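K.L.:
This is the structure, below, for whatever I ask next.
The values are calculated or read from the model by the stated rules, or taken from the named source; none is laboratory data. The model shown is predicted, which means the values in this text are computed figures rather than measured ones. Using ideal geometry, Cβ is built from the backbone for each residue, glycine included, and neighbour counts are taken over all protein chains shown. To get the accessible areas, we keep the full protein, side chains included, count just its heavy atoms, and leave off ligands, DNA and RNA. Shrake-Rupley method; radii C 1.70, N 1.55, O 1.52, S 1.80 Å.
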Amino acid sequence: MLHFGTKAETLALLEGQLEHGKVLPQVRISVAQWEAAGCSFEGLDENTSDWLDGTLIVRSSGKAEDSFKESLAGHFLSVAGVDGQSELNAAIETVIASFCGDNPDDQVFIQPMLEGVRVSGVAFTRDANSASHYYIVNYDDKSGATGSVTDGRSNDLHTFYCAKAAKCRPEGWLGDLLDLLDELE
């Protein structure tokens, strides 16, 4: 059984394990590791993945961000489109500065930046208000941006609702997403 950790830890556990989805590779560092490395990514010797030379996204993975009691999704920053060492160091500092409090175990993780995005969004496996058995997908299929749903910058979003007991499934990417959501549950 999968035991949830931080967002980055949980994604790392899922990497390579999914039939209906793919988790991108990551490098994860804690605030304590960052400070011990002199606040420079170059000081973290073990990070030698080839994809680190490309365009990156630096994401938050705070200890309080995702738990069984609450979600603080969207409360902390991510920095997209990071290129080069100086931008990477600045992006890590920006994400760390967005954390509430001063927890040395809070984490930042770095992944390759997705390009050519056709659809992005947020999917739920229950109605957040009533816990009803619905899939709910808030998505953007126009801008090509990866954060338009979560950062609130777009007014051109769509919402898809589907009862879990529904006999028919949509075709295309929505049907594929429902297969992934089933697998994750």
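K.L.:
Of the residues in segment 40-62, how many are modelled with pLDDT of 90 or more and either aliphatic (A, V, I, L, M) or more than 15 Å from Ile96 (Cβ to Cβ) (or both)?
P.N.:
5
K.L.:
Still on this structure, please answer the following. Only residues in segment 1-23 that are closer than 12 Å to Leu184 by Cα count as the first member; pair them with residues that are assigned to a helix (DSSP H, G or I) and among the acidic types (Asp, Glu), Cβ under 7 angstrom, at least 6 apart or cross-chain, and list the lot.
P.N.:
The qualifying pairs are Leu18/Glu183; Glu19/Glu183; His20/Asp176; His20/Asp179; His20/Glu183.
K.L.:
Something else about it: Looking at segment 157-169, is at least one residue among the hydrophobic types (A, V, I, L, M, F, W, C), open to solvent by 70 Å² or more (accessible area, probe 1.4 Å) and closer than 29 Å to Leu56 by Cα?
P.N.:
Keep residues of segment 157-169 that are among the hydrophobic types (A, V, I, L, M, F, W, C), which gives 157, 160, 162-163, 165-166, 168.
From the residues that got through so far, the ones that are open to solvent by 70 Å² or more (accessible area, probe 1.4 Å) too are 165, 168.
Within this subset, residues satisfying the condition of being closer than 29 Å to Leu56 by Cα are none.
No, because not a single residue in segment 157-169 is among the hydrophobic types (A, V, I, L, M, F, W, C), open to solvent by 70 Å² or more (accessible area, probe 1.4 Å) and closer than 29 Å to Leu56 by Cα.
K.L.:
Given the criteria under 30 Å from Glu42 (Cβ atoms) and of a type outside the set (D, E, K, R), does Gly147 qualify?
P.N.:
On the way: under 30 Å from Glu42 (Cβ atoms): yes; of a type outside the set (D, E, K, R): yes.
Taking the combined requirement at face value, the residue satisfies it.
K.L.:
So, Ile96, is that one surrounded by 15 or more Cβ atoms within 10 Å (Cβ to Cβ), modelled with pLDDT of 90 or more, out of contact with any Leu (no Cβ under 6 Å at 6 or more places or on another chain) and closer than 16 Å to Ala8 by Cα or not? Give the steps one after another, and end with the answer.
P.N.:
On the way: surrounded by 15 or more Cβ atoms within 10 Å (Cβ to Cβ): yes; modelled with pLDDT of 90 or more: yes; out of contact with any Leu (no Cβ under 6 Å at 6 or more places or on another chain): yes; closer than 16 Å to Ala8 by Cα: yes.
Yes: the conditions hold for Ile96.
K.L.:
While we're looking at this one, here's another question. Here is a check on your reading of the model: is Asn103 loosely packed, with under 15 Cβ neighbours inside 10 Å, polar (S, T, N, Q) and either modelled with pLDDT under 85 or touching an Asp or Glu at 6+ places or on another chain (Cβ under 9 Å) (or both)? Working first, answer last.
P.N.:
Numbers: loosely packed, with under 15 Cβ neighbours inside 10 Å: yes; polar (S, T, N, Q): yes; either modelled with pLDDT under 85 or touching an Asp or Glu at 6+ places or on another chain (Cβ under 9 Å) (or both): no.
So Asn103 does not fit the description; no.
K.L.:
In segment 63-80, how many residues are exposed (fewer than 13 other Cβ atoms within 10 Å of the Cβ) and modelled with pLDDT of 90 or more?
P.N.:
0
One line per residue, one yes/no per condition, for (1) touching a Phe, Trp or Tyr at 6+ places or on another chain (Cβ under 6 Å); (2) open to solvent by less than 40 Å² (accessible area, probe 1.4 Å); (3) charged (D, E, K, R):
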{"residue": "Phe4", "(1), (2), (3)": "no, no, no"}
{"residue": "Glu9", "(1), (2), (3)": "no, no, yes"}
{"residue": "Leu13", "(1), (2), (3)": "no, no, no"}
{"residue": "Gln17", "(1), (2), (3)": "no, no, no"}
{"residue": "Gly21", "(1), (2), (3)": "no, yes, no"}
{"residue": "Val31", "(1), (2), (3)": "no, yes, no"}
{"residue": "Trp34", "(1), (2), (3)": "no, yes, no"}
{"residue": "Gly38", "(1), (2), (3)": "no, no, no"}
{"residue": "Phe41", "(1), (2), (3)": "no, yes, no"}
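K.L.:
Any residue in segment 108-133 that is surrounded by fewer than 14 Cβ atoms within 10 Å (Cβ to Cβ) and at pLDDT 90 or above sitting within a Cβ distance under 6 Å of a residue that is part of a loop (DSSP other than H, G, I, E, B) and of a type outside the set (A, V, I, L, M, F, W, C)? List the pairs, counting only those 6 or more apart or interchain.
P.N.:
Once the first residue is surrounded by fewer than 14 Cβ atoms within 10 Å (Cβ to Cβ) and at pLDDT 90 or above and sits in segment 108-133, its partners that are part of a loop (DSSP other than H, G, I, E, B) and of a type outside the set (A, V, I, L, M, F, W, C) give Leu114/Thr146; His133/Lys164.
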